[in-house]
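Colleague: First the structure, then my questions, so here it is.
The values are calculated or read from the model by the stated rules, or taken from the named source; none is laboratory data. In this text the structure is predicted, and so the values were computed from the model without any measurement. Positions of Cβ are backbone-derived with ideal geometry, glycine not excepted, and every protein chain shown enters the neighbour counts.
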Amino acid sequence: MSNTVVVGTQWGDEGKGKVVDLLTARADMVVRFQGGNNAGHTLVVEGKQFIFHIVPSGILYEDKKCLIGNGLVVDPEVLLEEIKSLKQAGIEVTPDRLSLSEKAQIIMPYHKAIDLAREVAKGRDKIGTTGRGIGPCYEDKAARTGVRAVDLTEPDTLEEKITVNLKEKNFYLTSFLGAEPLDAQPILDRYLEMAEILTPFITDVSVELAEGLKANKRILFEGAQGTHLDIDHGTYPFVTSSNPISGAACAGAGIGPGQLHHVMGIVKAYTTRVGAGPFVTELTDKTGDYIQERGAEFGATTGRRRRCGWLDLVVVGDSARINGLNSVAITKLDVLTGLEKLNICVGYEIEGKLVDHRPASLRKQALCIPVYKEMEGWQEDITRARNMDQLPDQARAYLKAIEEITAVPISIVSVGPGREETILVQDPF
């Protein structure tokens, strides 16, 4: 038995969905353990594109059980829409195939209203939130006033929470943010309507996982976003509201740390991020445009153009330490094809001193000058490569440099968006 955790090592958008999809073929259960529908996984299977925001991407396999952990904040509208879209694509999502933790927090309309109104109020100082209500929902979780999935099965409890919460939320919306108030009854009616459909899916995910472990099931733990969007370890305050690191798989799914056997970090062959925040290796020139266009770098959730830059191994090195990485999967290597020269950031210079980790201070991060290792690019099409020997010498040298500098072995190399466009170096299971 070997349970595997998949995490992003940069600012999300590393291509975790494809890797999870590949690993699901070897797993029995796939569980998502944190985040909300502010994250998206894009998969291309047999020419069809699938975008997931809440449902684990393992749902594309008929014989796998997918679970939504207690660490998530779930928008029931989005979840039902995903289930509907999958059905239209010929994939039936039933309670036998998908479970929703009864302890997961539920995103309410007032969370989204507050999220959007705050960004408007901040103006130029906005964080760049997706406006999906993720942060305000996690705030209510910490304040112990949140609505949980189990509340959807108890109409009286749901009504009481909505009524009590709206008194505070409406005061905040109108008196502080200058936004419109919300009415309780339409919210209650709509959520009770959705509850009828979702109730059969609601269960104790921790117990299901324990039963799976007893039966020697292989479990794949799927994180959203990336390590440097972690609320504790990321580029605060330009971060998400949860912990997308490997350690959060335990808290967000309800299992012990001894049940995690392999931690795989997903590393995009270059660096991207959506929204505001520090980005030491960002490219604002023609090379950045080239990478952005070839990589089709637009957010799966927001559609926003992603900022692009050279691969930053300071960022990846921090992720290796924080997550305890056992291996890395390199994605989108094919996007770099056609560039004559490539740069890998191996350190930062701050006021004349060389550092090998990202400072917490935003002021210091603004002073960071990337120290690059220049490498030769390649011109050959690599999308047909199925083993390392079929890659150009320059591409292999690029991958070797990543392994040597991070001291983490490569287990997978993705050379295109399709399932088959992959080089499997080491099976984590």
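Colleague: Residues that are under 25 Å from residue 99 (Cα atoms): list the strands (runs of 3 or more DSSP E) wholly contained in region 189-305 that include at least 1 such residues.
Modeller: Hits in region 189-305: 219-222, 262-268.
Colleague: Given the options 75, 21, name the one that is modelled with pLDDT under 95 and acidic (Asp, Glu).
Modeller: Sole residue among the options that is modelled with pLDDT under 95 and acidic (Asp, Glu): 21.
Colleague: Given the criterion in the same structural domain as residue 408 (by TED's automatic domain parsing) and closer than 19 Å to residue 400 by Cβ, identify the matching residue among 281, 331, 287. Before you say what the answer is, go through the steps one by one.
Modeller: Numbers: 281 fails: closer than 19 Å to residue 400 by Cβ; 287 fails: closer than 19 Å to residue 400 by Cβ.
On inspection, the qualifying residue turns out to be 331.
Colleague: Right, another one. If a residue must be farther than 30 Å from residue 351 by Cβ and either of a type in the set (Phe, Trp, Tyr) or not assigned by TED's automatic domain parsing to the domain that holds residue 335 (or both), how many such residues does region 366-382 contain?
Modeller: Residues meeting the conditions: 1.
Colleague: If residue 149 satisfies all but one of (1) outside the structural domain of residue 117 (by TED's automatic domain parsing); (2) under 20 Å from residue 105 (Cβ atoms), what's the number of the condition it fails?
Modeller: The one condition residue 149 does not meet is (1).
Colleague: Within region 144-171, track down each residue that is farther than 18 Å from residue 183 by Cβ, under 28 Å from the mean Cα position of the chain (by Cα) and not hydroxyl-bearing (Ser, Thr, Tyr).
Modeller: 144, 146, 148, 149, 150, 151, 152 - these are the residues of region 144-171 that are farther than 18 Å from residue 183 by Cβ, under 28 Å from the mean Cα position of the chain (by Cα) and not hydroxyl-bearing (Ser, Thr, Tyr).
Colleague: Among the residues of region 236-248, are any under 30 Å from residue 361 (Cα atoms) and without any contact (Cβ under 8 Å) to a residue 40 or more places away in the chain?
Modeller: Within region 236-248, one or more residues are under 30 Å from residue 361 (Cα atoms) and without any contact (Cβ under 8 Å) to a residue 40 or more places away in the chain.
Colleague: Output the number of residues of region 245-286 satisfying the condition of being among the hydroxyl-bearing types (Ser, Thr, Tyr) and within 17 Å of residue 372 (Cβ to Cβ). Before you say what the answer is, go through the steps one by one.
Modeller: From region 245-286, those among the hydroxyl-bearing types (Ser, Thr, Tyr) are 246, 270-272, 281, 284; that's our starting set.
Filter again for within 17 Å of residue 372 (Cβ to Cβ), leaving 270-271, 281, 284.
Qualifying residue count for the region: 4.
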